[in-house]
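FYI, it's all coordinate maths here, none of it is from the lab. Nothing here was measured: the structure is a model prediction, and the numbers come from that model. As a convention, Cβ positions derive from the backbone with ideal geometry for all residues, glycine included, and neighbour counts pool all protein chains shown.
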Amino acid sequence: MEKYRILPHTADGKFRAFGATLEEAFAHAALALASLMWDWSKVEPAMSLEVEVRGRDREQLLYKFLEEIIVAFETRRFLLGSVEDLTIGEEAGAFRLRAVFRGGELRPDTELLGGVKAVTYHEMKIEEDGCGWTVQAVVDM
Amino acid sequence: MELKRIDETTWEIPRDGAMRVPARIYASHKLLKSVQADQTLIQARNVACLPGIQRMSYVMPDAHQGYGFPIGGVAAFDPDEGIISPGGVGYDINCGVRLLRTDYAAEDVAGRSKELLAGIFNEVPAGVGKSGVTKLSPGVLREILVKGAEWAVENGYGTAEDLRMTEEQGRMREAEAAGVSARALERGLPQIGTLGSGNHFLEIQKVDRILDPAAAKTFGLAAEGQVLVMIHCGSRGLGHQVASDYIQAMEDVFGVEGLPDRELIHAPFRSPLGQSYYRAMCAAVNYAFANRQMIAHRVRGVFEKVLGSAAGMRQIYDVCHNVAKLENHIVDGREKSLCVHRKGATRSFGPGRREVPEAYRAVGQPVIIPGSMGTASYLLVGTPEAEALSFGSTAHGAGRVMSRHEALRRFRGERIREELAGRGIELKATSWKGVAEEAAEAYKDVDEVVRVSQAAGLGRIVARVVPIGVMKG
């Protein structure tokens, strides 16, 4: 199964990520977003960041989860390489996501492919069909 | 959806269904085609459904689809019965443009643009992930959020005259740092003094044609060939985080049921959350003003170093493209204070308004419309008619028509640089990919956008300016 697909969009970044489970689709969405900025497959996993977000619905959960990648990059110069141990649970009427980001630090010779500045709800989709889950998002670049 | 032609440059979506007011689109037949090609009209229609909206949901000639509200959208709300919406302002709060004049003519700078750009590149970090040269403490950052460009001038960046020649005098007074999250501060701290990436740029330009000599003279344009500097950037990660934080907060308080589009989330202007967002938005506006003030100061420094003098490098004006503010406008024959949202639109006030700097008040407000990379930019002046037509607003630039994906497929950054060099334009960029994505062909025709702005009465063309040197993040 492909992890994600980058889609054309007039002004910004748009992608669709896939997974057998919701968690897998979310993890692949994270890689899709990262791929707009750097080659995540080339990032040496020297550091770990624990991520925990809550959302009133799946869309807000996805928004806040993906935003963690942008914030980690801008505030800690962290480059996401892989996503591990991603769990999504429901708690007191809300969703909670936990995950571990593994990655490295931005270096002077790191090739940056673009700047993602914000996640948006524009054309956001989180859908399940017979094959699994598809997550679509547009990000501001 | 019905679209009525009012005249050559005006179209209307009549009030229908849940719309509280009509939507009005200023566009030529040619520009309308791209407006119809994406969700712009649907978005304009959705905006017309929001509580407290006054007169019409306006769409400017360079409009294209945005998040919730169209980019190139203007919507004004009654402050007591109406709303404020982060989507109506944009993520890049106070993305805007500053224009400086110089005493130099193109010949004085010929052959030195490479040196000037290299100097500016050193002083003004640009590109993705670049940190500023200025190290600030969080306490100082909070001061910047409250005082905006005023802080910058107090700390040696530029002059008091720069403040007079800035929209809001470079400081929105309702700003409060308390409502700006720790995360937004963390993003903003290392980025102060940087240009950013994407469609942000710095250009050394020359006046190509003066079309309104009297207004040009008032604004400080002397002659064709005069060198100018244009700086286009916004509030960086801080502004984006403020937008995001309040979108989430408004969702949590008001829920999303009933919204045709989640990016239309809003709060009553007078509600605690509405006021909190407004004050945090003002803080982000101030960050961007301080940023452009610092960058402009450094650019003056580079001109002095490379050419020997920065004399005459006075500020013409600095305008916001993404903002919400309280302004007095006539509605149903009465003057009212309204919360005017401009997203990808520029205020365009005519003579007499007290918001226009005293030195320009007899003529009107300068309106700076940057073109896409390597194409022309324009200086316009606001008109009295614009108030009735669009709450005194006009276009902000030329909107994108091609995806970054497509632009990357079709253009090579290095080729664009060669093509620009062939036309005598020097380009300095941090990323060839970024350059390709910003190819002029990916944008609407700025000449047409400005022509239509003028034809519709939203602004009057003062001068056309073209780049000599371009710096892109």
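When B:Cys339, B:Cys49 are ordered from fewest to most other Cβ atoms inside 10 Å of their Cβ, what list results?
Placing the least packed residue first, the sequence is B:Cys49, B:Cys339.
Could you sort out which of B:Lys33/B:Lys343; A:Lys117/B:Lys305; B:Lys147/B:Lys433; B:Lys206/B:Lys428; B:Lys30/B:Lys325 sit more than 25 Å apart by Cα distance in this structure?
Distance filter (> 25 Å) returns A:Lys117/B:Lys305; B:Lys147/B:Lys433; B:Lys30/B:Lys325.
Please give the FRET efficiency for A:Asp85 paired with B:Arg15, using the beta carbon to beta carbon distance and R0 = 56 Å, rounded to the nearest 0.05.
My answer for the efficiency is 0.60.
Just counting partner chain Cβ atoms within 10 Å, what average do the residues of peptide B:236-244 show around their Cβ?
Mean shielding by partner chains, rounded to a whole number: 5.
Full extension from B:Trp432 to B:Ser181: what is 0.36 nm times the residue separation minus their Cα-Cα distance, to one decimal in nm?
86.9 nm
About its Cα centre, what dipole magnitude does the protein assembly as shown give when the only charges are +1 on Lys and Arg Cβ and -1 on Asp and Glu Cβ, stated in debye to the nearest 20?
Result for the protein assembly as shown is approximately 1180 debye, rounded to the nearest 20.
Within a Cβ distance under 12 Å of B:Ala110, other residues only, what is the Lys/Arg minus Asp/Glu net charge?
-1
On a C-alpha basis, how far is the centre of the stretch B:368-407 from the centre of the stretch B:1-20 in Å? Whole number, if you could?
22
Using a simple spin-label model with points 7 Å from Cα along the Cα→Cβ vector, what separation in nm is obtained for B:Lys30 and B:Lys114?
For B:Lys30 paired with B:Lys114, the spin-label model returns 3.6 nm.
By count of other Cβ within 10 Å, fewest leading, how are B:Met281, B:Met165, B:Met313 ordered?
B:Met313, B:Met165, B:Met281
So how far, in whole Å, is the C-alpha centre of the stretch B:255-309 from the one of the stretch A:16-82?
So the separation of the two Cα centres works out to 26 Å.
Gain in length, B:Lys305 to B:Glu385, computed as 0.36 nm per residue apart minus the alpha-carbon separation, to one decimal in nm?
Roughly 24.4 nm would be gained on extension.
Within 10 Å of each Cβ in peptide A:100-112, how many partner chain Cβ atoms are there on average? Round it to a whole number, please.
1
Based on the mean of other Cβ atoms within 10 Å per residue, sort peptides B:268-274, B:362-368, B:288-294 so the most packed one is first.
So the order, starting with the most tightly packed, is B:288-294, B:362-368, B:268-274.
Considering only DSSP states other than H, G, I, E and B, which trypsin sites (Lys or Arg not before Pro) in the stretch A:51-119 qualify as loop sites with at most 11 other Cβ atoms within 10 Å?
none
Could you tell me the relative contact order of chain B? Use alpha-carbon pairs under 8 Å, at least six residues apart, and round to a whole percent.
Result for chain B is 22 percent.
Tell me the volume per residue, in Å³, of the convex hull enclosing the alpha carbons of the protein assembly as shown.
143
Could you go through the stretch B:386-393 in sequence order and give the Karplus-derived ³J(HN,Hα) for each residue, using 6.51 cos²θ - 1.76 cosθ + 1.60 with θ = phi - 60°, rounded to whole Hz, and x for Gly and Pro?
4, 4, 6, 7, 7, 6, x, 9
Sum up the charges of everything whose Cβ sits under 15 Å from the Cβ of B:Glu12, counting Lys and Arg as +1 and Asp and Glu as -1, but leave B:Glu12 out.
Charge balance in the 15 Å sphere: +3.
As an exercise, use a Förster radius of 30 Å and the Cβ-Cβ distance of A:Ala94 and A:Asp129 to find the FRET efficiency, rounded to the nearest 0.05.
The computed FRET efficiency comes out at 0.75.
As a check on your grasp of the helix formula, calculate [θ] at 222 nm for chain B: sum -39500 (n - 2.57) over DSSP H runs of n ≥ 4, divide by the residue count, round to the nearest 500.
Mean residue ellipticity, 222 nm, calculated: -10000 deg cm²/dmol.
If one computes the Cα centroid of the stretch B:100-137 and of the stretch B:443-473, what distance in Å separates the two points?
Centre-to-centre (Cα) distance: 23 Å.
What's the FRET efficiency of B:Ile6 with B:Ala37 using the Cβ-Cβ distance as r and R₀ = 25 Å, to the nearest 0.05?
With R0 = 25 Å, the Cβ-Cβ based efficiency is 0.75.
How far apart, in nm, are the 7 Å Cα→Cβ label points at B:Glu335 and B:His405?
Going by the 7 Å Cα→Cβ label model, 5.1 nm.
Within the stretch B:427-468, find all residues whose amide N lies under 20 Å from a label point positioned 7 Å from the Cα of B:Asn122 along Cα-to-beta-carbon.
Answer for the stretch B:427-468: B:427-431.
Compute the signed sum of charges (Lys and Arg +1, Asp and Glu -1) over the other residues within less than 9 Å, Cβ to Cβ, of B:Arg262.
-4
Where in chain B is the longest stretch that carries no GluC sites (Glu not before Pro) classed as loop by DSSP and with at most 12 other Cβ atoms within 10 Å?
B:9-256
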